[in-house]
Amino acid sequence: MIEVRDLTINIEGKHITQHVDFTIPRGRITSLIGESGSGKSMTVSALLGMLPVDAKVSGYVMYEGRNVLDASDQEMESVRKQDVFTIFQDASNSFNPSVKMGRQLYAFSGERVGDTIDVFNEKMKLILDQLGLAWDVVEQYPFQLSGGMLQRCMIACAFYVEPALLIADEPTSALDMVLQKEFIQLLIRLNEERNTTILLITHDLDIVAEAAHEMAVMQQGTIVETGTVETVFSNPHHAYTKRLLESRF
Amino acid sequence: MKSRKALLFWCSLLGLIVFLTVFSNMLAPFSPNEMNMDDVYSAPSSDHWLGTDHLGRDVLSRLLEGGKVTLAVASGSVILSLIIGIVYGGISGYFGGLTDTVMMRLLEALITIPALIIILSFQAIIQGGMWGMTLLIGLTGWLVTARIVRSEFIRLKEEEFVKMANMFGTPVWKILWGHLLQNSIPAIFVVTLFNFAGAIFMEVSLSFLGIGIPPAIPSWGNMLYYAQNDILIGAWWIALFPGIMIFLTILSINFIGEAWKNPKRRRVND
């Protein structure tokens, strides 16, 4: 579905990523793993066409036969609006603190796909119910909910929108172990029920083992290893991957 | 809890002052400009609670009516400076880069000139009345507001929820209004309160110097100006009561502002 070829990003003469190659197959969960500062988030920004203005970028990011890097701002905006949904690290920062959840959930889901508020209410109620959230949350402000609940609200929007691609940028790092597991189960459910393609960015190998089908290991701005999770786990080639696998609990 | 009670006290005091001045028409026992030459410089008594001045006008009535003028000038100028400050600071903070640099250098240049001097010189030229004063105080009072709005916008712009809204293609005006401005309200509120106190002080100072509100209109500053001579002949009540009102008003506004400055009251604070 998305092919990244030879992606190099430069900011003020510094190489953020170099010759990055990997693919995100349709309907699968692909994981991009690497330590902090390895260029994961910048790579994702490049996919979304959201790099800082002073970034110089070369290579290809092919999405449905088009190179995203050449696309105009309007084209990118419509891709971001219609096809992609992004979940960030800390959901408590992803919501506007002075607006009630209901309006924000609508803005993130119903409004994007062009539903009226009534359709939204009906559909969202079902989804929240499935995810174990009471309908009351729509009357509350973000700071009245816990991090785990907010992250579930986020994924509720993803369930609603059913995006072609869901990008989850370290979605679990602000959650405790129990909530992490719950959240990963939800991602898997989204993938299985709605066949959503997911790009899961993380530094946690356990999450990769639990959820992902494919993985790409990133170190210091380059991809050092790609493959299915089984093959990489059973037969790692690169020294960094081996070290990563050894450092698991 | 202690600070809560204190806040409540200062709020009610300010509320009382505002109430008294706003309804001065009904509450004042005499007309503020009604002269009575048989009854000049009479000390506070049951007839005239706060005494009368050199023209036999009732001090209490003038105090209430004058408060209305002073507070109206202060409110008008604060609203004006708030609007200018938000627009200026908002543009500077949101767009950043060269725009921001140029706008901020200009602001710094303006901030170095004391507002009182600018107002003095303009007032000398235009000889403005009440609304002229409001305009002048408003036009010189927005600098700090603009700075605060700018720094809030710069901070909030980097927050994830703003980036998220950007990514979903939320229109710029919606981000400016709903995400940036709405979350800057606590900070803007505090700086506006202090501005309000400053504007009252400015009106009082100018009127006291005799270049503010025209003499026909009573204001707290005007009353103090005319009381200068009266004190010499022992009519202390003419100066004391406006002084107390000014003191209490500015004090309560400052205390309310201090209480609101407390970051615990904010929702986004990092």
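The values are calculated or read from the model by the stated rules, or taken from the named source; none is laboratory data. Note that the structure is predicted; figures quoted are calculated from it, not measured. When we count neighbours, we look across all protein chains shown, and the Cβ atoms used for this are built from the backbone with ideal geometry, even at glycine.
What to note about this one:
Quick grid of which residues meet (1) within 12 Å of another protein chain (Cβ to nearest Cβ); (2) surrounded by fewer than 17 Cβ atoms within 10 Å (Cβ to Cβ); (3) touching a residue at least 12 places away in the same chain (Cβ under 8 Å); (4) of a type outside the set (A, V, I, L, M, F, W, C):
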position	(1), (2), (3), (4)
A:Thr17	no, no, yes, yes
A:Arg28	no, no, yes, yes
A:Ala71	no, yes, yes, no
A:Ser78	yes, yes, no, yes
A:Gln82	yes, yes, yes, yes
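- Per the conditions (1) part of a helix (DSSP H, G or I); (2) at pLDDT 90 or above, the sole criterion not satisfied by A:Ala158 is (2).
- Some residue of region A:142-152 being away from chain B (no Cβ under 14 Å), more than 15 Å from the chain's Cα centre (by Cα) and not in a helix (DSSP H, G or I): yes
- Whenever a residue of region B:217-234 is crowded, with 17+ Cβ neighbours inside 10 Å, its partners that are in a helix (DSSP H, G or I) and among the basic types (Lys, Arg), lying with C-beta atoms within less than 7 angstrom and at least six residues away or across chains, give the pairs B:Pro218/B:Arg62; B:Met223/B:Arg62.
- Filter result (at pLDDT below 90 and of a type in the set (Gly, Ala, Ser)) within region B:100-151: B:Ala115, B:Ser121, B:Ala124, B:Gly128, B:Gly129, B:Gly132
- Within the set B:Arg57, B:Arg62, B:Arg105, the sole residue that is more than 22 Å from the chain's Cα centre (by Cα), of a type outside the set (A, V, I, L, M, F, W, C) and surrounded by 14 or more Cβ atoms within 10 Å (Cβ to Cβ) turns out to be B:Arg57.
- Which listed residue is in contact with an Asp or Glu (Cβ under 6 Å, 6 or more places away or on another chain), under 23 Å from A:Glu35 (Cα atoms) and not small (Gly, Ala, Ser), from A:Ile207, A:Ile201: A:Ile201
- Just one residue in the set B:Phe95, B:Phe189 is out of contact with any Pro (no Cβ under 6 Å at 6 or more places or on another chain), in contact (Cβ under 8 Å) with a residue 60 or more places away in the chain, within 14 Å of another protein chain (Cβ to nearest Cβ) and surrounded by fewer than 19 Cβ atoms within 10 Å (Cβ to Cβ); that residue is B:Phe189.
- Out of A:Phe88, A:Phe108, one residue alone is at pLDDT 85 or above, within 14 Å of chain B (Cβ to nearest Cβ) and under 22 Å from the mean Cα position of the chain (by Cα). It is A:Phe108.
- Given (1) modelled with pLDDT under 85; (2) on the phi > 0 side of the Ramachandran plot; (3) not polar (S, T, N, Q), index of the condition A:Gly59 fails: (1)
- Contacts under 8 angstrom Cβ, first residue in region B:156-177 being more than 9 Å from chain A (Cβ to nearest Cβ) and crowded, with 16+ Cβ neighbours inside 10 Å, partner modelled with pLDDT under 80 and not in a helix (DSSP H, G or I), 6 or more apart: B:Leu156/B:Val268
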